[in-house]
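Just below is one structure, and these are the notes that go with it.
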Amino acid sequence: MPRKDPVTGKLKWYKSEGAVAVYSALISILIGMAVGAVIVIIVGLSKSNISSSGIVEGIKLVFLGVFSTGRDSAGQLVFGFNGVNMGNMLFRAVPLIMTGLSVAIAFKTGLFNIGAAGQYLMGTMGTLSVGLWLGWTGCPKAIAWLCAFLVGVLLGALWGAIPGIFKAFLNINEVITCIMTNWIAANLVTWWFDAHEMFKNSAEGGKVGYIIPLKNVGVVTPKLLMDKLFAGSQANGGFWIAVLIAIAMWIMMTKTTFGYELRACGANRHAAKYAGINDKKNIILSMAIAGALAAAGASLYFLSGNTEFYWSTYQKLPAEGFNGIPVALLAANHPIGVIFSGIFMSMLNISGIQLKYLTAYNEYIADIIIAVIVYLSAFSMLIKMMLSKRIKHDHGNVNAEPAVSAAPADDAEAPAEIVKKETKKGGQK
Amino acid sequence: MSEYVIEMNHIRKEFPGIVANDDITLQLRKGEIHALLGENGAGKSTLMSVLFGLYQPEAGEIKKDGKVVKINNPNDATALGIGMVHQHFKLIDVFTVLDNIILGAETTGALGFLKKKEAREKVLALSEKYGLKVDVDAKVEDITVGMQQRVEILKMLYRDNEILIFDEPTAVLTPQEIDELMEIMKGFAKEGKSILFITHKLNEIMAVSDRVTVLRKGKYVGTVNTKETNKQELSNMMVGRPVQLELKKKPAKPGETILKVEGLTVPSKIHKNNAVNNVSFDVRAGEILCIAGIDGNGQTELIFGLTGLEKATAGKVTLCGKDISKASIKQRALAGMSHIPEDRHKHGLVLSYTLEQNLVLQKYKEPRFQNHGFIKFDEVREYAEQLIEDFDVRSGQGPITVTRSMSGGNQQKAIIAREIDRDEPLLIAVQPTRGLDVGAIEHIHNQIVAERDKGHAVLLVSLELEEVMGLSDRILVIYEGEIVGEVDPKKTTPEELGLYMSGAKRQGKEGN
Ligand SMILES: Nc1ncnc2c1ncn2[C@@H]1O[C@H](COP(=O)(O)OP(=O)(O)OP(=O)(O)O)[C@@H](O)[C@H]1O
Ligand SMILES: [Mg+2]
């Protein structure tokens, strides 16, 4: 018979694990923005063309960039609802949400997917090629859209499955294979577009090296009200699709037997195997899903129509692929949380652009803030630990796991932990 | 000077949903071996963790040599000379034995470089002095559990600890290793070190301890002198009711063969030879067949080979008339096999899952618990509550308790509940009562006998002679991967069994 103490029953919701995760994310964000503000001050002081009022403006924009509506006739910054900024923020959030989901789902299965960049590129290649090609053949636009999206997603899934297969059957660390598949993808994509002149945008002068945007063939995501809400922005229905996918992922992970299996494999592969769960299959599936999600991010981004792809990618991997990691970390790998952390990261981008247009600062300040947050998001685990210790202490419970745990691979939540574990264990014995 | 080196007065420690320690008093004399006895979940490990600085009590005080001290973390404890060997070891697998011992207590030279040579000499000297044989350069992942424990003990000695806490040190040891450990502990006490010793085995308490403190459900029951008590009295004290130490069971009525093993061969991961070599036996419905032997003679690999966790290289396994030699783990389970695994943390549980999630570890796909792939949470909850009730699994928050926070014995009970409830024709139980209190052992033994009486076949692997003799209907002795004898528990003696287990006696070869 379980003994229950009515007084010290469950934790209050604001002291629950989820709440603690939110607090720690918020703390990382605040510290990141504060560091950003400090940098704005330092840069401002060291530059003669920025006055002290310019510094104040810079700080304001760092925090409230999305709400900036330009300058009034007196030259003062004005803030308010800015549909264009808001819409663009949501638009740019889409690939971040999707790669964030990609990383988060893999984390839950105990895998560190740093191959999102390659998967993203494969998605780009599939979607653009199929979208353009079907657009030219004159097939119905809706069908062309669907095919372009699905082929992109499928290529991404395939690309994600490769490290999964290596991990499952040969026990090769997925981090290494992901890095390799990233660069293979980068070269493959370059080669593909290099070999196919028809996709290159030569019509518009000065656009050397770009692929024809999908709007030219009319294969674009419908706006689904986004144009009404945020007139003049790039926002489209892709955002709703991303939100739906995130919710679907959350349901899949928490409510289904499949998610139960995936998480069991991630938490303790040996126990999963013992229970008759096919651990190899689940590792491959998890990576394939991660790949599909990252690729879907690319597909939705380029299906907006007016985004342009610079095809010579072999020297540079898309940042979206790596930004998925902090997005997932900030959200503590929670699929719904990823929606918000993705929007937040995108908001910083917008702030950067505002800084560039409205002040003497350049947009790289935003990159610095993002970098600081990326850094801190790794710490957010630490902050989370400290917070839960404090909260539970108030509650009369220091839930300290005794010093050095030598338990077999069980929990795998943070990537840092996973990497540590990999190097520690050298994979499965 | 106070009479006691350590006094823990009126200690209270709460966890969500449970008071793990409620007004507990424990007094430890210098140079004594003080046993701590209590049911699973009584709060023994918690109390020791409080003393070692891992938990802060909500109330109460700790005195060292009569002076009140505050122990905020394990470093404070070490500074006070308190060391602890945990129930589940705290070693780093890929570090060497030496590195594990000095970790956290490293001596460094001028530039912060480790002075490994001195450390090594000190460790070697200690190991020599106390007869704690270890291979200092081996990696922890490659050494036996017994040696890992000696490493843990050396860790305490290396830090010059005078108060040594042993949390269920014998649960994972072989009988021989247990005897050695008892001797080592007596040696420590003679030297003036004070020992706190947690165990569920009353024989050990009677053999080495000077006094015993008994806890029940987080409360202090009393402290007695070992000389003035006996096993029956101790078990009654801890359970709060008379416990039947002897198992009563009707003679077995073996029926048809459930499991047939022919020439099973499983390779070893450690050495070149086979861990299990050409083993054949049958288990019949309505009998408990026990594989007895000294740890490391192929029992683990035999079970892995049968359950599919490891690939057998030769041999045929037939379960309920079906050839499962090549079947997957899942197919074997479906063919009628349930399995209480040896390593509860590695195979038995997903520690970060809740109790209810662990209780449906193989069942979540059954129509009762899912609908088109969606888990029916209500059904899972209801089922878990039933099992928790039936098997008396104790935890802070019932079905939603994270398994990691449960006491070791209750984790084990959860696994047993899950496996017995699967109600399969064959139950494979490896060390099923490891880490359980006498009351729980009584309960589990009765459950296993009930399984037998239901007409199920039970394959038991146990290292404990008492359990082997008491529970089984037929005993096979395994030695170096081969079955060396079959004996009837009613007609044999522990001595004869010992001869088989050590390889000194062998059936079928006697005549030559
Ligand atoms: N970190 C924790 N968080 C929540 N509850 C805990 C924690 N540690 C222990 N408990 C609960 O406190 C109670 C006492 O646990 P403890 O581990 O001290 O038992 P024990 O006497 O050592 O039992 P066993 O013989 O099974 O090892 C148990 O009900 C357990 O579920
Ligand atoms: Mg314990």
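The values are calculated or read from the model by the stated rules, or taken from the named source; none is laboratory data. Please read these numbers as outputs of a predicted model, since none were measured by experiment. So basically every Cβ, Gly included, is an ideal-geometry build from the backbone, and we count neighbours across all protein chains shown.
Among the residues of the range B:1-35, count how many are more than 19 Å from residue B:190 (Cβ to Cβ), in contact with a Phe, Trp or Tyr (Cβ under 7 Å, 6 or more places away or on another chain) and crowded, with 18+ Cβ neighbours inside 10 Å.
Residues in the range B:1-35 being more than 19 Å from residue B:190 (Cβ to Cβ), in contact with a Phe, Trp or Tyr (Cβ under 7 Å, 6 or more places away or on another chain) and crowded, with 18+ Cβ neighbours inside 10 Å: 3 in total.
Pick from the range A:331-364 the residues that are part of a helix (DSSP H, G or I) and β-branched (Val, Ile, Thr): which of them is nearest to the chain's Cα centre (by Cα)? Spell out how you get there, then give the answer.
Step one: list which residues in the range A:331-364 are part of a helix (DSSP H, G or I), which gives A:335-358, A:364.
Filter again for β-branched (Val, Ile, Thr), leaving A:336, A:338-339, A:343, A:350, A:353.
Numbers: A:336: 12, A:338: 7, A:339: 9, A:343: 9, A:350: 16, A:353: 20 Å.
Ranking the qualifying residues of the range A:331-364, first place goes to A:338.
Under the condition of being away from every other protein chain (no Cβ under 11 Å) and polar (S, T, N, Q), which residue from the range B:374-409 is farthest from ligand 2 (Cβ to nearest atom)?
Looking at residues that are away from every other protein chain (no Cβ under 11 Å) and polar (S, T, N, Q), I get B:386.
Kindly list, by first and then second residue, each pair from a residue in the range B:14-36 that is within 14 Å of another protein chain (Cβ to nearest Cβ) to a residue that is within 15 Å of ligand 1 (Cβ to nearest atom) and among the aliphatic types (A, V, I, L, M), limited to pairs with Cβ atoms under 6 Å and residues at least 6 apart or on different chains.
Here the result reads B:21/B:11; B:21/B:47, each pair linking the range B:14-36 to a residue that is within 15 Å of ligand 1 (Cβ to nearest atom) and among the aliphatic types (A, V, I, L, M).
Just to be sure I understand the filter: pairs with C-beta atoms under 6 Å, separated by 6 or more residues or on different chains, first member in the range A:255-276 and over 20 Å from residue B:339 (Cα atoms) and within 8 Å of chain B (Cβ to nearest Cβ), second member among the aliphatic types (A, V, I, L, M) and crowded, with 24+ Cβ neighbours inside 10 Å. Which pairs pass?
A:267/B:350
For the range B:304-346, which residues satisfy the criterion of being assigned to a helix (DSSP H, G or I), within 11 Å of chain A (Cβ to nearest Cβ) and crowded, with 17+ Cβ neighbours inside 10 Å? Before you say what the answer is, go through the steps one by one.
Taking the range B:304-346 first, the residues assigned to a helix (DSSP H, G or I) are B:304-307, B:329-334, B:344-346.
Remaining after also requiring within 11 Å of chain A (Cβ to nearest Cβ): B:304, B:307, B:329-334, B:344-346.
Correct list: B:304, B:307, B:329, B:332, B:333, B:344, B:345, B:346.
Can you find, within the range B:54-71, the residue that is surrounded by the fewest Cβ atoms within 10 Å (Cβ to Cβ) among those that are away from chain A (no Cβ under 13 Å) and part of a loop (DSSP other than H, G, I, E, B)?
This residue is B:70.
(1) of a type in the set (Lys, Arg); (2) touching a Ser or Thr at 6+ places or on another chain (Cβ under 6 Å); (3) within 6 Å of ligand 1 (Cβ to nearest atom): which one isn't true of residue B:44, the others all being true?
The one condition residue B:44 does not meet is (2).
Among (1) modelled with pLDDT of 95 or more; (2) away from chain A (no Cβ under 14 Å), which single condition is residue B:51 missing?
In the conditions (1) modelled with pLDDT of 95 or more; (2) away from chain A (no Cβ under 14 Å), residue B:51 misses (2) alone.
How many of the residues in the range B:126-169 are within 16 Å of ligand 2 (Cβ to nearest atom) and either within 14 Å of chain A (Cβ to nearest Cβ) or aromatic (Phe, Trp, Tyr) (or both)? Show your work before the answer.
Going residue by residue through the range B:126-169, those that are within 16 Å of ligand 2 (Cβ to nearest atom) are B:149, B:152, B:165-169.
Among the residues that remain, those that are also either within 14 Å of chain A (Cβ to nearest Cβ) or aromatic (Phe, Trp, Tyr) (or both) are: B:149, B:152, B:165-167.
Residues meeting the conditions: 5.
Can you name every residue in the range B:220-235 that is β-branched (Val, Ile, Thr) and within 14 Å of ligand 1 (Cβ to nearest atom)?
Going residue by residue through the range B:220-235, those that are β-branched (Val, Ile, Thr) are B:221, B:223-224, B:226, B:229.
The answer is B:221, and nothing else.
What about residue B:217, is it within 16 Å of ligand 1 (Cβ to nearest atom) and either on the phi > 0 side of the Ramachandran plot or touching a His at 6+ places or on another chain (Cβ under 7 Å) (or both)?
On the way: within 16 Å of ligand 1 (Cβ to nearest atom): yes; either on the phi > 0 side of the Ramachandran plot or touching a His at 6+ places or on another chain (Cβ under 7 Å) (or both): yes.
When the stated conditions are applied, residue B:217 passes them.
Would you confirm, using the coordinates I've provided, whether residue B:306 is touching a Gly at 6+ places or on another chain (Cβ under 9 Å) and either outside the structural domain of residue B:460 (by TED's automatic domain parsing) or within 18 Å of residue B:462 (Cβ to Cβ) (or both)?
Spelling it out, it is not the case that residue B:306 is touching a Gly at 6+ places or on another chain (Cβ under 9 Å) and either outside the structural domain of residue B:460 (by TED's automatic domain parsing) or within 18 Å of residue B:462 (Cβ to Cβ) (or both).
Could you please find all residues in the range B:360-392 being part of a helix (DSSP H, G or I) and touching a Phe, Trp or Tyr at 6+ places or on another chain (Cβ under 7 Å)?
Just the residues of the range B:360-392 that are part of a helix (DSSP H, G or I), to begin with: B:377-391.
Those that are part of a helix (DSSP H, G or I) and touching a Phe, Trp or Tyr at 6+ places or on another chain (Cβ under 7 Å): B:379, B:380.
When residue B:368 is evaluated against the numbered criteria (1) in contact with a helix residue (DSSP H, G or I) (Cβ under 8 Å, 6 or more places away or on another chain); (2) at the interface with chain A (Cβ under 8 Å from one of its Cβ atoms), which criterion, by number, is the only one it fails?
Exception for residue B:368: condition (2).
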